[in-house]
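Below is one structure, written out as structure tokens; the observations come after it.
The values are calculated or read from the model by the stated rules, or taken from the named source; none is laboratory data. Not measured: the values here are computed from a predicted model. Cβ coordinates were reconstructed from backbone atoms using ideal geometry, including for glycine residues, and neighbour counts include every protein chain displayed. All accessible areas refer to the heavy atoms of the entire protein, side chains included, with ligands and DNA or RNA removed. Shrake-Rupley method; radii C 1.70, N 1.55, O 1.52, S 1.80 Å.
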Amino acid sequence: MSDEKKSPLTALGDTAGQGLKIAALVLALVFLFLIPNLVCIGFGIAALIKVGITTRIIVFFVLIILAAAGACLTAFFFTYEYFLVDTLRIIYAYLVPVFRLICAALAKRIAAGNTGIIKKGYDWSESIADSFQKTYNRRTPRLIRIAIRFILEQIPFADIMYHVSIDASATDTEALGASIYTQFDAYLHTRFFDENTMKWVLWFLPLNIALQILLIWLMR
């Protein structure tokens, strides 16, 4: 799924694309959540002035503020999560050769009888991050290696490998390594990348607005 060769020009384009996507997502958060909730707070202030200060009115006004803050923070969290997974997807495409080598090495260890490494408790994140650092230690700037290592440690490799079907009796290490990688790649896309969307806006935004309208109406 991720065998397309990546060139430096492609990397530059992907980096620029992610930068533009960040800007677009921030603007989307501002126009879809921050501004509407500020408007709702404004209506709450107007109702507070018109109706007068009472305990009931203050309670609903505070609820409007809390709902606005909660909605904006939740939207930010969902958007951050989306962007993180989307960035992992792009970086993963560049690290396909590394994962192929790791799966090939895993196949050799399995063929040698060391099947303990496929247990769920095996620290895949640390192993893969270390493998990457050793492989690209001389060719990649230190700051980039640190950033990529951090990103690699965010991927739940233990859970992924737990779902991979491995034939511990296989003797053809090349075929076994290819099989492990194919399953690993398919699971990663199905479980994380393909499910990563911004569709949550379609239900969360109407819910946010409806709640604010209800609270403003109750302030009358």
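Just a yes or no: is a residue in the range 60-69 open to solvent by 50 Å² or more (accessible area, probe 1.4 Å), out of contact with any His (no Cβ under 7 Å at 6 or more places or on another chain), farther than 30 Å from residue 191 by Cβ and not in a helix (DSSP H, G or I)?
Within the range 60-69 (the criterion being open to solvent by 50 Å² or more (accessible area, probe 1.4 Å), out of contact with any His (no Cβ under 7 Å at 6 or more places or on another chain), farther than 30 Å from residue 191 by Cβ and not in a helix (DSSP H, G or I)), the answer is no, since none of the residues qualifies.
Would you say residue 21 is surrounded by fewer than 16 Cβ atoms within 10 Å (Cβ to Cβ), more than 28 Å from the chain's Cα centre (by Cα) and assigned to a helix (DSSP H, G or I)? So that I can check it myself, show each step before the final result.
Working: surrounded by fewer than 16 Cβ atoms within 10 Å (Cβ to Cβ): yes; more than 28 Å from the chain's Cα centre (by Cα): no; assigned to a helix (DSSP H, G or I): yes.
So residue 21 fails the test.
Going through 43, 77 one at a time, which residue ends up being in a helix (DSSP H, G or I) and either surrounded by 13 or more Cβ atoms within 10 Å (Cβ to Cβ) or touching a Phe, Trp or Tyr at 6+ places or on another chain (Cβ under 9 Å) (or both)?
Numbers: 77 fails: either surrounded by 13 or more Cβ atoms within 10 Å (Cβ to Cβ) or touching a Phe, Trp or Tyr at 6+ places or on another chain (Cβ under 9 Å) (or both).
On inspection, the qualifying residue turns out to be 43.
Would you mention how many residues in the range 206-220 are surrounded by fewer than 16 Cβ atoms within 10 Å (Cβ to Cβ) and either of a type in the set (A, V, I, L, M) or farther than 24 Å from residue 28 by Cβ (or both)? Please lay out each step first, then the result.
The first filter runs over the range 206-220 and keeps only residues surrounded by fewer than 16 Cβ atoms within 10 Å (Cβ to Cβ), leaving 206-207, 210, 213-214, 217-218, 220.
Restricting the remaining residues to those that are either of a type in the set (A, V, I, L, M) or farther than 24 Å from residue 28 by Cβ (or both) gives 207, 210, 213-214, 217-218, 220.
Selection size over the range 206-220: 7.
To keep it simple, each residue is scored yes or no on (1) at pLDDT below 85; (2) of a type outside the set (A, V, I, L, M); (3) surrounded by 15 or more Cβ atoms within 10 Å (Cβ to Cβ).
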residue	(1), (2), (3)
134	yes, yes, no
141	yes, yes, no
164	yes, no, yes
168	yes, no, no
180	yes, no, yes
189	no, yes, yes
194	no, yes, no
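Output the number of the condition that residue 54 fails; it satisfies all remaining conditions of (1) open to solvent by less than 70 Å² (accessible area, probe 1.4 Å); (2) within 26 Å of the chain's Cα centre (by Cα).
Here residue 54 clears every test but (2).
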